[in-house]
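As structure tokens, the structure follows; a few thoughts come after it.
The values are calculated or read from the model by the stated rules, or taken from the named source; none is laboratory data. None of the values given here were measured: they were computed from a predicted structure. Cβ placement follows ideal geometry from the backbone for every residue including glycine, while neighbour counts extend to all protein chains displayed.
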Amino acid sequence: MITAQYFIANWKMNVPALPVWVRDVSQAMLGREAQVVLCPPFTRLSAAQMVLTDTGMALGAQDCHAQENGAYTGDVSALMLRQVGCTHVILGHSERRAQHHETDAMVRAKVACALAHGLTPILCIGESLEVRESGDAEKMVTQQLLACMPDMDDDDEIIIAYEPIWAIGTGKTPGCDEIEAMHAAIKKQLHKRAPLVYGGSVNIGNAADILALPSVDGVLVGGASLDAAQFATIINAGK
Ligand code: 13P
């Protein structure tokens, strides 16, 4: 059973005051069972690892290479992420699929490599507006999920993030009934219980409604996670 909700911060730009962010978010975690994962840009991982010590927050990266080792200038491997203190890694984010041409097969290989190194992948799946409007969103997203999931051992852990592409950074979100329907479709495909989080324009105004949904095990937050006060408010909106 998943007891504590996840609050995953995906920083898409640098936040200068890392210690202040960690202090303010730690305060919001007091007395709550929230599981917070901070995923800053690669260049901040090492500094974040130092300030996260003893806070109960986990550290995640925003991507990794599909190979453990090799001549891949500019890429970062799952092994390197482990060495810098990461326990989680976001994989298959729609921005990487679109901008770096990542296919489901590539994402699957990355998920497998992350698992092999003891990292918990945060696997992102989600449909475009075109697919949503065609009525095929559930079919497309569940196919994407299956195509990106490698065979897993019993003790492997994975978090699934449903992030409709049209909701990311737009201020638009699906209705609560649409999130519930999609999450139900995703859960039907999962052979083992994995936390299922929602992402896409989560903010201080909609977090309570989204986090109250029975199928929602947490949220993956972009823009609103850059501001400690807003992210703390989102944590406080949890169950
Ligand atoms: P926003 O919260 O800015 O819409 O970003 C969502 C996201 O992409 C998190 O991974």
Residue tally, condition assigned to a helix (DSSP H, G or I) and either in contact with a helix residue (DSSP H, G or I) (Cβ under 6 Å, 6 or more places away or on another chain) or surrounded by fewer than 20 Cβ atoms within 10 Å (Cβ to Cβ) (or both), over the stretch 208-239: 14
Some residue of the stretch 101-112 being within 25 Å of Leu52 (Cβ to Cβ), modelled with pLDDT of 95 or more and small (Gly, Ala, Ser): no
Number of positions in the stretch 24-53 that are exposed (fewer than 14 other Cβ atoms within 10 Å of the Cβ) and either aromatic (Phe, Trp, Tyr) or within 24 Å of Val111 (Cα to Cα) (or both): 2
Selection within the stretch 155-179 - in a loop (DSSP other than H, G, I, E, B), farther than 16 Å from Leu213 by Cα and touching a residue at least 12 places away in the same chain (Cβ under 8 Å): Asp156, Glu157, Ile158, Pro164, Ile168, Gly169, Thr170, Gly171, Lys172
Flag if Val37 is in contact with a helix residue (DSSP H, G or I) (Cβ under 6 Å, 6 or more places away or on another chain) and either farther than 25 Å from Gly169 by Cβ or modelled with pLDDT of 95 or more (or both): no
The stretch 180-207, residues that are part of a loop (DSSP other than H, G, I, E, B) and polar (S, T, N, Q): Ser201, Asn203, Asn206
In the stretch 131-180, the residues that are within 21 Å of His88 (Cβ to Cβ), within 16 Å of the ligand (Cβ to nearest atom) and of a type outside the set (A, V, I, L, M, F, W, C): Gln144, Tyr162, Glu163
Pairs, first within 15 Å of the ligand (Cβ to nearest atom) in the stretch 214-226, second of a type in the set (Ser, Thr, Tyr), C-beta under 7 Å, six or more apart: Val216/Tyr198; Gly218/Tyr6; Val219/Tyr198
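Within the stretch 195-208, identify whether any single residue is over 22 Å from Met57 (Cβ atoms) and more than 11 Å from the ligand (Cβ to nearest atom), and answer yes or no.
Our first condition is that a residue be over 22 Å from Met57 (Cβ atoms); within the stretch 195-208, this holds for 200-201, 205-206.
Now restrict to residues that are more than 11 Å from the ligand (Cβ to nearest atom): 205.
Looking for residues that are over 22 Å from Met57 (Cβ atoms) and more than 11 Å from the ligand (Cβ to nearest atom), one finds at least one in the stretch 195-208, hence yes.
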Residue match in the stretch 127-148 (condition: within 30 Å of Ile204 (Cα to Cα), in a loop (DSSP other than H, G, I, E, B) and touching a residue at least 12 places away in the same chain (Cβ under 8 Å)): yes
